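Bear in mind that the values in this text are calculations on the coordinates, not laboratory data. Predicted, not measured: the structure shown is a model, and the values here were computed from it. All Cβ positions, glycine included, derive from the backbone under ideal geometry; neighbour counts span all protein chains shown.
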Amino acid sequence: MQTITLRMKLLKPTEAKKAEYRRMTNETTALANRLIGLPKKERSISSKSIGGDLPSAVKNQLVRDVNGNKTAKRFRRVWPAFNNQNFRVEKETAKDGKETWKASFPTGEKRVGVPVVATDYHKPYLELLQTGKAKQGAAKLVERRGEWYTHLSLTIGEPEKEVSSVPAKMPKIVGIDLGLIVLLAAWCGGLTLFVHGGPLAYVRRHFAALRWSYQKNGAKRALKRLGDREHRWVTDMNHKIARAVVDFAKKNGANLIRLEDLTGIRWTRRQSRKQRQDHGRSLHHWPFFQLRQFIEYKAALAGIEVQSVNRDKTSQTCSRCGETRSVRPASRWFECPRCKRKKHVDANAAENVASAISGLAA
Ligand SMILES: [Zn+2]
């Protein structure tokens, strides 16, 4: 285990943003000095009542930091700090393949991503964070000689064995069904989020057509560049989809996400048949494992647990009454032979995943 701090400069923040960061710093400093005079037990309560004009996430972190400081009597300056659930760094890939890294954290303004200067030293660590191979710690907003920086701590190394948290009495669950026509359907408490595969398949076909013409002309370097570009595009899409899923879960107050287990031969076989029916409009070879990793990583940052569910019969069972049909529905609608309910097949499947009708995968 190794903990390091990444110091990344904010890329040309506007004057308004700088003013807001300075204002926040003044507020955190003043609040820290008010809190240090109080007994520890009262600090958390007091931060709400005597607190300055700060996002609650910043106040909570401030109380933790002040409590953790054993020696200080007075603070000259306290930088706004964020715990790992409130500070994010994410990569955005533009159409031309150019990558930007953006940090987002709560301020008095709307939460928007601010570009950071990620050097070749920073990037490998950021990638580890993205793939969940590094654990994110707290982050700070710091000013040095008129420039603003984020100081982000992260831990690398063998993850300690996870202590499974005791689930809340009534877990609120998101169920996710993955497919090729609807790439992803997420269900939670009657609401469904759909990510349609069509537009993604369209871009992929465009890549395929280009690849074919490059191959025909023996343009090897162009082919390699094209491959890199497609890879970046797909990865970026998976990040966006994962983000949408976790946002959906957060918006619905869910604390558990259930996904179908992706291992097993049946997945591939059924998918290829589905694809044939689909006249090539689908997304064969979409990196579902990567998508799953991204969902797991982003969910973990949001404090949401992820479970695997067996995928037996999730598409063939009525999510209302439990009746099982012997064949998969031929249309995009699941019509229950018993209770007669009609529901979108993927929404029906996602609801079945949420209630884990075929049990949790090992
Ligand atoms: Zn039914």
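Okay, here's what the table says:
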item: Length released on extending from GLU127 to ARG221, taking residue separation times 0.36 nm less the Cα-Cα span; result: 31.3 nm
item: Cysteines in the chain lacking a second Cys C-beta under 4.7 Å; result: CYS188
item: Those residues of region 50-69 whose amide nitrogen sits under 17 Å from the label point placed on ASN26, 7 Å along Cα→Cβ; result: 51-55
item: FRET E, pair ARG77, LYS172, Förster distance 45 Å, beta-carbon r, rounded to 0.05; result: 0.65
item: Cα gyration tensor of region 1-160 - equivalent ellipsoid semi-axes, whole Å, descending; result: 29, 19, 13
item: Directionally averaged projected area (convex hull, Cα atoms, region 173-355), nm²; result: 10.9 nm²
item: Computed label-point distance, nm, for sites LYS240 and LYS48 using a 7 Å Cα→Cβ extension; result: 3.9 nm
item: Flagged links, alpha-carbon separation over 23 Å, of LYS135/LYS172; LYS98/LYS251; LYS17/LYS140; LYS12/LYS140; result: LYS135/LYS172; LYS98/LYS251
item: Kirkwood hydrodynamic radius of region 304-362, Cα pairs, Å; result: 11.6 Å
item: Extended-chain gain in nm, criterion 0.36 nm per residue less alpha-carbon gap, ARG205 and ILE156; result: 13.8 nm
item: Relative intensity, log₁₀ I(q)/I(0), of the chain from a Debye sum that treats every alpha carbon as a point, q = 0.07, 0.14 Å⁻¹; result: -0.40, -1.21
item: Table column - 3J(HN,Hα) (Hz), region 64-71, Karplus curve with 6.51, -1.76, 1.60, x for Gly and Pro; result: 4, 5, 5, 5, x, 8, 8, 9
item: Rounded to 10°, Cα long-axis angle of helix 265-277 versus longest principal axis of the chain; result: 70 degrees
item: Inter-label distance for SER331 and LYS9, nm, one decimal - labels placed 7 Å from Cα along Cα-to-Cβ; result: 6.1 nm
item: Spacing of the two label points (7 Å from each Cα toward its C-beta) at THR119 and ARG229, in nm; result: 3.1 nm
item: Amide H contacts under 5 Å for ARG341, placed H, 5+ residues apart; result: CYS336
item: Residue among GLY179, GLY190, GLY97 with the largest mean-square fluctuation in a Gaussian network model of the chain, springs linking Cα atoms under 10 Å; result: GLY190
